[in-house]
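The values are calculated or read from the model by the stated rules, or taken from the named source; none is laboratory data. The model shown is predicted, which means the values in this text are computed figures rather than measured ones. Because the Cβ atoms are built from the backbone with ideal geometry, glycine has one as well, and the counts that use them run over all protein chains shown.
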Amino acid sequence: MKKETLNRIQLSQQEPIYDAHSHIGTDLFFKREGALKDYFSLSQILKIKKANIMSTPSPKYFEDDKLIEALFWEENNKKINYFKKIYEGDEVKIVENPVNPYKQANKKLKEQIHNEKNQDVNLEYVPLVHPKLDTLDHLEEILINNPVAIKIHGIAAGIIPTEISNNFLKTIAKYDVPVIVHTDNYNKSITNPLAYFRKNNNAYDWCNAFRKNNVKGYITHGAYLCEKTFELINESNQFLLGIGPVKLMNLEKEHFIKGTREDSDNYLQTIFDEVDMDKIALDLDFPWNVEDKMTAKEETISKFLVGEDLDEEDRKKVFLKNSELFFNR
């Protein structure tokens, strides 16, 4: 489905954008920070009209003069243990297996979005969930409010799709709320827990878990160019493929699916050639898409948008319409 080369996108005449996947907050694990004011600066440059906004994958925040690290995991004797840290002055309290670990971070983000509105962009709040540590009652409390989506980040959460209970996924399916899911891959020998979680949070396993339980899935990071996942996405309305952050993805070629993609010269063109244009969506994955300690640079963002050429109809689909249909917004 290769497209003929047309005029390159110019920011001045660019289509309005629905950013399907971006983060606000400070991240413990990945050492990133995304400020809402910086996101608003980007939205003005890019003409973003709608955006799905979620917490960073490993939230770190202040509450009542306490520094909270919502969740981290450690491997011990091939078992993953989960912890929450609370810093108060010189004291550190560690909570093992914290229940509903993202509840307060979600609440703070929802309040921030409500209190710091911007008339030019409609922000949709996306709660972060943990398939092992969230109770089903808490999950239902989230879903009953009909969020645009929920987010699962298996690496930050220390989980893989094959370990998630059917009850958890069936509860999501009952409310017909899409899941925005981080996908990954790892081609080298598995020598540490992080490599294990990267390898086993691959897009194909996530799609199969969603298919079996009738869950709608927004598959991030271009599925790391997995051909089998592309086939699943093309044949079903159950999935939408996110393409961001493009510049970072082009630097991670060693993690593309081995044997088919590690020599790919062009991440975006591979997707546009092989995935139905009705199944592709633009997402910034802020703040992973920007450089210089989260300073929003127009030249960086311009490169993100003009990396490939699309005709007018396909631009509208990828930039806006596909996400509007999938997320029903």
Quiz item: So residue 75 clears everything in (1) touching a residue at least 24 places away in the same chain (Cβ under 8 Å); (2) crowded, with 17+ Cβ neighbours inside 10 Å; (3) over 20 Å from residue 281 (Cβ atoms) except one condition, right? Which one?
Solution: (2)
Practice problem: Pull up the range 195-220, narrow it to residues that are under 18 Å from the mean Cα position of the chain (by Cα) and at pLDDT below 95, then point me to the one that is surrounded by the most Cβ atoms within 10 Å (Cβ to Cβ). | Solution: 198
Quiz item: Which of the residues spanning the range 138-159 are more than 22 Å from residue 237 (Cβ to Cβ) and buried (at least 20 other Cβ atoms within 10 Å of the Cβ)?
Solution: 139, 142, 153, 154, 155, 156, 157, 158, 159
Practice problem: Search the range 229-261 for residues being of a type in the set (D, E, K, R) and at pLDDT 95 or above, and hand back the single one that is surrounded by the fewest Cβ atoms within 10 Å (Cβ to Cβ). | Solution: 235
Exercise. Answer yes or no as to whether residue 130 is surrounded by 20 or more Cβ atoms within 10 Å (Cβ to Cβ), in contact with a strand residue (DSSP E or B) (Cβ under 8 Å, 6 or more places away or on another chain), over 30 Å from residue 41 (Cβ atoms) and not hydroxyl-bearing (Ser, Thr, Tyr).
Key: yes
Quiz item: Right, residue 18: within 23 Å of residue 221 (Cα to Cα), part of a helix (DSSP H, G or I) and either touching a residue at least 24 places away in the same chain (Cβ under 8 Å) or small (Gly, Ala, Ser) (or both) or not?
Solution: no
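Evaluate the range 95-116: report whether one residue or more is over 30 Å from residue 202 (Cβ atoms), assigned to a loop (DSSP other than H, G, I, E, B) and modelled with pLDDT of 95 or more.
No - not one qualifying residue is present in the range 95-116.
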Self-check item: Residue satisfying condition, being within 19 Å of the chain's Cα centre (by Cα) and either surrounded by fewer than 21 Cβ atoms within 10 Å (Cβ to Cβ) or under 19 Å from residue 283 (Cβ atoms) (or both), within set 45, 24, 80, 94
Solution: 24
Exercise. Six or more apart or on different chains, Cβ under 9 Å: which pairs go from a residue in the range 41-70 that's under 18 Å from residue 154 (Cα atoms) to one that's surrounded by fewer than 16 Cβ atoms within 10 Å (Cβ to Cβ) and of a type in the set (Ser, Thr, Tyr)? Could you list them?
Key: 69/87
Quiz item: Quick check: anything in the range 269-279 modelled with pLDDT of 90 or more, more than 26 Å from residue 32 (Cβ to Cβ) and part of a loop (DSSP other than H, G, I, E, B)?
Solution: yes
Practice problem: Only residues that are modelled with pLDDT of 90 or more and either of a type in the set (Phe, Trp, Tyr) or surrounded by fewer than 16 Cβ atoms within 10 Å (Cβ to Cβ) (or both): list them for the range 27-40, please. | Solution: 35, 37, 39, 40
Quiz prompt | Subset of the range 172-187 (residues that are out of contact with any strand residue (DSSP E or B) (no Cβ under 8 Å at 6 or more places or on another chain), among the polar types (S, T, N, Q) and buried (at least 20 other Cβ atoms within 10 Å of the Cβ)) | solution = 185
